[in-house]
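A.B. asks: Take a look at the following structure, please.
Readers should treat all values here as calculations from the given coordinates under stated rules, not as data from a laboratory. None of the values given here were measured: they were computed from a predicted structure. Quick reminder, even Gly has a Cβ in these numbers, built from the backbone with ideal geometry, and neighbours come from all protein chains shown.
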Amino acid sequence: MSSITQPIGGHEHAHDDHAHHPTGIMRWVTTTNHKDIGTLYLWFSFTMFIVGGCMAFVIRAELFEPGLQIVTPEFFNEMTTLHGLIMIFGALMPGAVGFANWMIPMQIGAPDMAFARMNNWSFWLLPPAALMLLISLFVPGGAAGGGWTLYPPLTIEQGMGMDLTIFAIHIMGASSIMGSINIITTILNLRAPGMTLMKMPLFCWTWLITAYLLIAVMPVLAGAVTMLLTDRHFGTSFFNAAGGGDPILFQHVFWFFGHPEVYIIILPAFGIISEIIPTFSRKPLFGYASMVYAVAAIAILSFMVWAHHMFTTGLPTAGILFYMYATMLIAVPTGVKVFNWLATMWKGSISLEAPMMFALGFLFLFVIGGFTGLVLGIVPLDVALHDTYYVVAHFHYVMVAGTLFAFFGGVYYWLPKWTGHMYDESLAKWHFWLSFILFNVTFFPMHFLGLAGMPRRVPDYPQQFADWNMVSSIGAFGFGLSQLVFLYAVIKCIRGGKPAPAKPWDGATSLEWTLPSPAPYHSFETPPVVR
Ligand code: CU
């Protein structure tokens with residue numbers, strides 16, 4: 001594993017201080033190097049992606065045909081809950097932080113992250129938190145089963161699996177807040193001379209804004225689950241109507257976190273796409289400044305739309321209308337971004353290597369997810385589609401075909417920089433086409449199921465939903481297995497392959513491409529040499 005970030009062949013000069021540092025497992029436990037920590041985050045993210053994916057396998061196997069066949073309804077609920085929590089807090093968010101660790105210092109010409117030791121601590125908080133979520137499956141009463149949104153009163157009634165979940169969320173939140181402080185400080189204080197904010201690569205901008213979102217909303221989630229905890233064990237009644245509380249209060253507090261969380265997950269993906277498309281179009285990003293303002297506008301608006309998740313809770317009509325129009329307003333800056341990506345490609349000298357394929361797949365499918373989001377933002381439609389598979393289809397188009405595809409593109413884009421080797425292009429193309437097709441086989445039918453009225457989070461369904469559920473399950477198994485192609489392509493690239501030139505993509509413009517590939521190891525002691 002030590003070959004992942006250490007210079008290989010011809011770059012030995014970059015780390016003659018190797019002897020001063022621990023080797024083997026201790027290197028990874030004690031590392032303060034942003035590239036090591038980025039690597040740890042990315043592998044952790046992929047591991048959680050596989051774990052959460054196995055839970056999706058259980059869900060799709062149970063839904064393969066009508067009737068209960070494999071698991072109990074209780075265990076099915078535990079699977080949907082843990083699948084959501086693990087994918088969001090274990091796979092997507094740490095994945096984005098992994099990219100941030102690797103790329104932000106290189107893109108702004110910083111020697112490392114601002115708080116290198118805190119960086120180590122931010123990462124190493126995550127494995128115990130994930131472990132706690134998984135252990136909750138084996139305690140009396142089982143894991144939390146109320147869905148990833150943890151709505152009371154159900155979550156007040158559940159056993160100690162819920163307490164483990166609350167504790168895990170606190171720890172992961174602390175990790176996110178420390179990571180965000182690190183990213184903000186690095187970007188604001190450690191930019192190379194001449195690297196003004198409005199010259200930063202867009203990936204840095206999206207992460208800077210994401211980090212502020214995280215600092216704003218992670219404490220709100222912590223507050224929500226703490227109130228849940230005190231309702232459970234310390235006799236409070238925040239969410240208990242019998243004691244004068246209100247379960248709807250939880251939904252308000254949760255979604256004040258939950259909606260910005262959607263943008264926390266998608267904005268770094270926007271940043272990656274904004275790096276890939278200009279490179280493979282051989283043109284600078286169209287409308288750079290408007291991209292920055294669009295991201296900022298999305299972030300600000302994200303705080304004003306939370307109740308669109310609560311249109312069926314009996315809010316006053318005036319409030320419902322406000323949240324509907326505010327939600328639809330987000331389509332404007334998002335449209336600006338999509339327009340700019342298309343305008344960047346316009347008359348460009350486009351080539352279709354795997355990173356660009358994933359970026360185009362992202363564009364196509366994310367726009368579908370965006371539009372179904374707009375549909376759900378319209379009150380009368382949301383009332384009809386609330387808690388149906390239409391919602392499940394919508395957010396998987398945003399989370400999987402959006403963020404996950406951007407991450408895949410980002411991995412292929414930067415693998416030559418990270419490893420010093422070119423990845424196997426035909427394997428990567430296979431990975432793309434299998435993922436693209438099987439993703440749609442899995443999730444497009446869910447639109448039909450939702451429109452036909454199939455509720456989400458239920459382990460069984462009437463006969464009329466059988467056909468599309470079977471199609472969806474077949475797609476899901478295929479999509480999951482296709483990710484082994486990705487794993488194989490990445491391992492193959494780490495272990496060898498054609499040596500990567502410093503600028504593998506003809507036309508790259510960001511600062512990271514002025515460093516040799518792989519980027520020099522202990523850059524904290526050896527600041528990057530711009531060539
Ligand atoms: Cu929302």
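A.B. asks: When the Kirkwood hydrodynamic radius is evaluated over all pairs of different C-alpha atoms of the stretch 50-176, what value in angstrom, to one decimal, is obtained? Could you put the intermediate results ahead of the total?
C.D. replies: Details: mean 1/r = 0.0625 Å⁻¹.
Evaluated on the stretch 50-176, it is 16.0 Å.
A.B. asks: I need to check one value: relative contact order of the chain, counting alpha carbon pairs closer than 8 Å and at least 6 residues apart, in percent.
C.D. replies: Across the chain, relative contact order equals 19 percent.
A.B. asks: Which one of His396, Ala331, Pro247 is farthest out on the positive end of the charge dipole of the chain, using unit charges on Cβ (Lys, Arg +1; Asp, Glu -1) and the Cα centre as origin?
C.D. replies: Comparing the listed Cα positions along the dipole, Ala331 ranks first.
A.B. asks: In terms of Cα to Cα distance under 18 Å, which aspartates and glutamates are near enough to Lys429, apart from those fewer than 8 places away along the same chain?
C.D. replies: Filter leaves Glu353.
A.B. asks: Same structure, new question: Any idea which of Phe364, Ile187, Thr509 is furthest toward the positive side of the dipole for the stretch 38-514, if Lys and Arg beta-carbons carry +1 and Asp and Glu beta-carbons -1?
C.D. replies: Thr509
A.B. asks: Only Lys, Arg, Asp and Glu count, each charged at its Cβ (+1, +1, -1, -1), so figure out the dipole size of the chain about its Cα centre, rounded to 20 debye.
C.D. replies: Numbers: 20 positive and 25 negative charges, 265 e Å.
In total the dipole reaches around 1280 debye.
A.B. asks: Compute the Cα gyration tensor for the stretch 395-515, then decide on rounded, prolate or oblate, letting a ≥ b ≥ c be the square roots of its eigenvalues: rounded whenever a/c is under 1.5, prolate when a/b is larger than b/c in the other cases, and oblate in all that remain. Provide the component values of the computation, followed by the final result.
C.D. replies: Values: a/c = 3.96, a/b = 2.57, b/c = 1.54.
Prolate, since a/c reaches 1.5 and a/b exceeds b/c.
A.B. asks: Please state the shape class of the stretch 157-296: rounded when a/c is under 1.5, otherwise prolate if a/b exceeds b/c and oblate if not, all from the C-alpha gyration tensor. List each step's numbers first, then the result.
C.D. replies: Working: a/c = 3.22, a/b = 2.61, b/c = 1.24.
Prolate, since a/c reaches 1.5 and a/b exceeds b/c.
A.B. asks: Are there DSSP H segments in the chain that both extend 27 Å or more along their axis (alpha-carbon positions) and score a mean Kyte-Doolittle hydropathy of at least -1.0? List them, or say none. Intermediate values should be presented prior to the final figure.
C.D. replies: Values: long enough: 34-62 (42 Å, 0.91); 160-189 (44 Å, 1.27); 202-233 (46 Å, 1.42); 247-281 (51 Å, 1.20); 354-377 (33 Å, 2.04); 425-451 (39 Å, 0.92); 466-495 (45 Å, 1.03).
Those that pass (Cα extent of 27 Å or more, hydropathy at least -1.0) are 34-62, 160-189, 202-233, 247-281, 354-377, 425-451, 466-495.
A.B. asks: Lys and Arg at +1, Asp and Glu at -1: add these up for the other residues within a Cβ distance under 13 Å of Leu267 and post the number. Present the calculation step by step, with values, prior to reporting the outcome.
C.D. replies: Values: positive: Lys337; negative: Glu261.
Surrounding charge for Leu267 is 0.
A.B. asks: Still on this structure, I have one more. Non-local amide H neighbours of Thr388 (under 5 Å, H modeled in plane, Pro and chain starts lacking H): which ones?
C.D. replies: When sequence neighbours closer than 5 places are left aside, the close amide H contacts are Arg456.
A.B. asks: Phe395: net charge of surrounding residues, Cβ under 14 Å, Lys/Arg +1, Asp/Glu -1, itself excluded?
C.D. replies: On the way: positive: Arg456, Arg457; negative: Glu261, Asp382, Asp387.
Here the count lands on -1.
A.B. asks: Mind running the shape call on the chain? Use the C-alpha gyration tensor, a ≥ b ≥ c as the square roots of the eigenvalues: rounded below 1.5 for a/c, prolate if a/b tops b/c, oblate otherwise.
C.D. replies: On the way: a/c = 1.56, a/b = 1.45, b/c = 1.07.
It is prolate, given that a/c is not under 1.5 and a/b is the larger ratio.
A.B. asks: Within 10 Å of each residue's Cβ, count the other Cβ atoms and sort Lys337, Lys347, Lys498 from fewest upward.
C.D. replies: On the way: Lys337 22, Lys347 9, Lys498 13.
With the fewest neighbours first, Lys337, Lys347, Lys498 line up as Lys347, Lys498, Lys337.
A.B. asks: Would you mind ranking Lys283, Lys503 so that the residue whose beta carbon has the fewest other beta carbons within 10 Å leads the list? Present the calculation step by step, with values, prior to reporting the outcome.
C.D. replies: Working: Lys283 19, Lys503 16.
Arranged by neighbour count, lowest to highest, Lys283, Lys503 become Lys503, Lys283.
A.B. asks: Let me ask another. Could you sort 86-95, 41-50 so that the peptide with the highest average Cβ count within 10 Å comes first and the rest follow in order?
C.D. replies: Taking the mean over residues of other Cβ atoms within 10 Å, the ranking is 86-95, 41-50.
A.B. asks: Any chance you could check the Cα centroid distance between the stretch 279-356 and the stretch 102-153 for me, in angstrom?
C.D. replies: If we compute the Cα centre of each part, the gap is 27 Å.
A.B. asks: Sort the following peptides by mean Cβ neighbour count (other Cβ atoms within 10 Å, averaged over residues), highest first: 223-229, 136-142, 204-210.
C.D. replies: On the way: 223-229: 20.3, 136-142: 15.0, 204-210: 26.0.
Final packing ranking: 204-210, 223-229, 136-142.
A.B. asks: Still on this structure: List the pairs from Lys347/Lys492; Lys283/Lys498; Lys347/Lys503; Lys337/Lys492 whose alpha-carbon separation is above 32 Å, in the order I gave them. Could the numbers behind the result be given before it?
C.D. replies: On the way: Lys347/Lys492 35 Å; Lys283/Lys498 26 Å; Lys347/Lys503 23 Å; Lys337/Lys492 35 Å.
From Lys347/Lys492; Lys283/Lys498; Lys347/Lys503; Lys337/Lys492, over 32 Å: Lys347/Lys492; Lys337/Lys492.
A.B. asks: Where Rh is the Kirkwood radius over the Cα pairs of the stretch 110-230, the temperature 20 °C and the viscosity 1.002 mPa s, what D in µm²/s does Stokes-Einstein return? Before the final figure, lay out the partial values.
C.D. replies: On the way: Rh = 16.1 Å.
Value of D from the Cα-based Kirkwood radius: 133 µm²/s.
A.B. asks: For Trp341, Trp418, which order do you get if you count the other beta carbons within 10 Å of each Cβ and list the fewest first? Please report the intermediate quantities before stating the final value.
C.D. replies: Numbers: Trp341 26, Trp418 23.
In order of increasing Cβ crowding within 10 Å: Trp418, Trp341.
A.B. asks: Compute the separation of the alpha-carbon centres of the stretch 429-495 and the stretch 188-236 and state it in Å as a whole number.
C.D. replies: So the separation of the two Cα centres works out to 31 Å.
A.B. asks: What is the calculated FRET efficiency for Ile378 to Gln69, with r their C-beta to C-beta distance and R₀ = 35 Å, to the nearest 0.05? Don't skip to the end; give the middle numbers.
C.D. replies: Details: r = 37 Å, r/R0 = 1.06.
Rounded to the nearest 0.05, the efficiency is 0.40.
A.B. asks: Identify all aspartates and glutamates with a Cα-Cα distance to Lys35 below 12 Å; exclude those on the same chain that are fewer than 8 residues away in sequence.
C.D. replies: Straight-distance partners of Lys35: Asp112.
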